[in-house]
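Heads up, the thing below is written out as structure tokens.
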Amino acid sequence: MQKTPLYEKHVQAGGKVVEFGGFLLPVQYSGIIAEHTAVRTCAGMFDVSHMGELIMTGSDALNNLQNLLTNDMSGMADGQARYSPMCNENGGVVDDLIVYKFADNEYFLVVNASNTEKDFEWMKKHLFGDVKLENKSALYGQIALQGPKAEKIIAKIADAKNIPQKNYTFIKESNVAGIQCILSRTGYTGEDGFEIYCAAENTPKMWDELLSAGKEFGLIPCGLGARDTLRMEAAMPLYGHEMNDEISPLEGGVGIFVKLDKADFIGKAAVEKIGKTRFKRIGLKIVGKGIAREGLKVYKDGKEIGVVTSGTHSPTLGYPVAMARVNADSASKGDKVEVDVRGRMVEAEVIPLPFYKRA
């Protein structure tokens, strides 16, 4: 079991530490609802140092990314970030990741923690031309500062020139509280915020500096529990839930990031062939009593139509919600369906995604 550079901070602060993706991480500190609410109303801070960081360099780096990823990585400016699924030959998803463009021949790739080795080996197997791929995960710590007060907090300890202004942009050589870092305006909560990548040994100091700067704004440390409820409300897919090696990105609800007009990418023919004929992702508002958890079956008119991929009680909305993968032609907005919760049929209504969108 691996410890992140912030492990001792979590223990000192009374975080309830659990195993997640091969790492020891806090599931909560003060409580999931309190932490969730802090991110929606002021700010919360997460240890995401378990994420994997790969660096791709060489004159053929872009060509390799174009072949590996479903999204179009051409036309990116230095300092831009872009999300993309990565498919296998059968059109299933190997992983989803964020690409940061450092320069024409240098890209920083952030992958899901439990998939780091898998992704690294997959990419290496498909490389061609003048390109080099390195796994730099052990060198980095990563902190996510999320919420409507995130910018005010960063502004206390960083000059304006060191703060990216647009969503999905970053500053490669930023300086926050005197610590060199990559400062990225990205996140996984549905709120404005930043993700900060710094040297592993500097991460505990960065954590303390952010907590200190954010105290007056109500900043608190948050765990995996709130991270999950926040991303659920924002209908952000989680690898292994909404997407996996068998499910295509079109079926996982991220078709907007699949550019079929691109020359080619691994799995393109399979993705086109599957199309949207098998499954689709839908949102459910649970009307009956109960919470629809992952793996529970969804029914319409007594007939099984799919499965819940993620489900929770929404602290912001005050009722349970779920995302489900259902047969493509089985249910649409406004339809009434049922979820089998331990042998009890619980009524739900199909509603649009995302469940929550910041004003």
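Here, each number is a calculation from the coordinates, and none is a lab measurement. Worth saying up front: this structure is predicted, and the values here are computed from it rather than measured. Cβ coordinates were reconstructed from backbone atoms using ideal geometry, including for glycine residues, and neighbour counts include every protein chain displayed.
Side notes on the structure shown:
- Column: log10 I(q)/I(0), Debye, Cα scatterers of the range 240-359, q = 0.10, 0.18 Å⁻¹: -0.32, -0.90
- Selection from Ala61, Asn90, Phe194 lying farthest towards where the dipole of the range 1-275 points positive, charges on Cβ: Phe194
- Local net charge near Asn175, Cβ-Cβ under 10 Å (Lys/Arg +1, Asp/Glu -1): -1
- Relative protection proxy for 180-189, 10-19, from highest mean packing down: 180-189, 10-19 (other beta-carbon atoms within 10 angstrom).
- With one equal scatterer per alpha carbon and no solvent term, the Debye-computed log10 I(q)/I(0) for the chain at 0.06, 0.09 1/Å reads -0.22, -0.51.
- Sorted by Cβ neighbour density within 10 Å, fewest at the top, the residues Cys222, Cys42, Cys198: Cys42, Cys198, Cys222
- Positive end of the dipole of the chain (Cβ unit charges, origin at the Cα centre): among Tyr299, Val287, Ala38, the Cα lying farthest that way belongs to Val287.
- Farthest towards the positive end of the charge dipole of the range 149-243, among the residues Ala160, Pro237, Ala177, is the Cα of Ala160, using unit charges on the Cβ of Lys, Arg, Asp and Glu.
- Measuring against 19 Å, Cα to Cα, the residue pairs Lys9/Lys205; Lys9/Lys118; Lys285/Lys336; Lys3/Lys101 contain Lys9/Lys118; Lys3/Lys101 as the ones spanning a longer distance.
- Unit charges on C-beta of K, R, D, E only; dipole of the range 278-351, Debye: 140
- Placing one equal scatterer on every Cα of the range 25-160 and applying the Debye formula, the log10 ratio I(q)/I(0) at q = 0.15 Å⁻¹ is -0.84.
- Based on the Stokes-Einstein relation at 10 °C and a viscosity of 1.306 mPa s, and on the Kirkwood radius from alpha carbon pairs, the range 3-44 is assigned a translational diffusion coefficient of 145 µm²/s.
- Cα-centred dipole magnitude for the chain, charges only on beta-carbon of K, R (+1) and D, E (-1), debye, nearest 20: 960
- Entry note, the chain: the mean residue ellipticity at 222 nm calculated from DSSP H runs of n ≥ 4, each adding -39500 (n - 2.57), is -5500 deg cm²/dmol after division by the residues and rounding to the nearest 500.
- If you model the range 88-145 as an ellipsoid using its alpha carbon gyration tensor, with each semi-axis the square root of five times an eigenvalue, the axes come out at 19, 17, 11 Å, biggest first.
- Viscosity 0.890 mPa s, 25 °C: Kirkwood-radius Stokes-Einstein D of the range 148-260 over Cα pairs, µm²/s: 155
- Unpartnered cysteines - no second Cys beta carbon under 4.7 Å - across the chain: Cys42, Cys87, Cys222
- Remark: relative contact order (the chain) = 18 percent; criterion is Cα-Cα distance under 8 angstrom and separation of 6 or more residues.
- Taken over the range 129-174, the percentage of Cα pairs per 10 Å bin, counting from 0 up to the bin with the maximum distance, is 19, 44, 24, 11, 2.
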